[in-house]
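Data block below; observations after.
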Amino acid sequence: MTSTSDTGAGKAPARPKTAIFISGRGSNMVALVEAARTPGFPADIALVLSNRADAAGLVYASEAGIATAVVDHKLFAGNREAFERAIDAVLVEHAVELVCLAGFLRVLTPWFVNRWAGRLINIHPSLLPAFRGLDTHARALAANVRLHGCTVHFVTPELDDGPVLAQAAVPIVEGDTPETLAARVLVQEHVIYPAALARVASGQAKLVDGRVVIAGDTTPADAVLVVPT
């Protein structure tokens with residue numbers, strides 16, 4: 001995914017310009033931005049885009065010196081593809097190469113997903129394929145599972161589907177509520193999302209024939225599993 005500057009040999013690889021999509025406060029956005037500030041991180045957070053002008057995360061991004069954009073879905077009268085074409089135009093304007101969904105509360109159409117295939121990743125608060133959709137923490141507790149967690153995956157047209165880049169498992173403990181479980185899962189989201197972005201931005205992880213392939217591996221690998229102690 002990285003590209004080398006054409007200004008001459010010996011130059012450091014250019015960091016791919018990355019956009020983050022949010023609809024609210026964007027805590028995962030903050031984790032990605034902070035990670036990208038560390039020396040050697042292979043992605044450049046170049047844009048934060050929201051479908052809501054009042055998204056709190058836009059203020060953080062602006063104060064951090066990151067370009068922001070708003071494409072209000074309500075202006076497109078239910079025409080989802082027109083909405084996404086407007087988003088795509090903004091991405092092209094900012095020379096974006098990778099997109100991270102971080103609490104972006106719009107379902108993307110196959111047109112956009114296929115246009116950005118292999119360059120579009122998402123984080124979901126469950127151990128996919130379990131508990132796709134909403135209310136994952138309450139559903140995990142109702143199902144009496146022993147482990148819950150979060151997943152970073154390449155986005156495909158099917159909702160909360162796609163080859164897995166990273167997962168973190170969080171044990172469910174006695175007395176857990178959806179709120180306490182969500183808080184512990186969120187801590188791990190902030191760990192694995194930057195790690196997964198780094199793998200994609202550096203070219204170490206790629207989407208090949210519908211699977212994640214890790215550079216140097218002789219066989220495809222779908223996941224990196226982290227189980228917090």
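The values are calculated or read from the model by the stated rules, or taken from the named source; none is laboratory data. Model, not experiment: these values are computed from the prediction. Quick reminder, even Gly has a Cβ in these numbers, built from the backbone with ideal geometry, and neighbours come from all protein chains shown. Only protein heavy atoms, including side chains, enter the accessible area calculation; ligands, DNA and RNA are left aside. Shrake-Rupley method; radii C 1.70, N 1.55, O 1.52, S 1.80 Å.
List of remarks:
- Between D44, D54, the distinction of being under 14 Å from H94 (Cβ atoms) and among the charged types (D, E, K, R) belongs to D44 only.
- Only one entry of V212, V170, V152 meets the criterion of being touching an Asp or Glu at 6+ places or on another chain (Cβ under 8 Å), closer than 25 Å to V33 by Cα and buried (at least 21 other Cβ atoms within 10 Å of the Cβ), and that entry is V212.
- Matching entry among E34, E84 (being out of contact with any Leu (no Cβ under 8 Å at 6 or more places or on another chain) and either at pLDDT 95 or above or of a type in the set (V, I, T) (or both)): E34
- Subset tally (residues that are under 28 Å from P110 (Cα atoms), among the aliphatic types (A, V, I, L, M) and not in a strand (DSSP E or B)) for the stretch 143-185: 2
- Residues of the stretch 34-60 satisfying the condition of being open to solvent by less than 10 Å² (accessible area, probe 1.4 Å) and either in contact with a helix residue (DSSP H, G or I) (Cβ under 7 Å, 6 or more places away or on another chain) or over 25 Å from P13 (Cβ atoms) (or both): A43, V48, L49, S50, N51, A55, G57
- Residue selected from the stretch 78-128 under the condition open to solvent by 10 Å² or more (accessible area, probe 1.4 Å), in a helix (DSSP H, G or I) and among the β-branched types (V, I, T), by the criterion farthest from A43 (Cα to Cα): V90
- The one condition from (1) modelled with pLDDT of 95 or more; (2) part of a loop (DSSP other than H, G, I, E, B) that M29 does not meet is (2).
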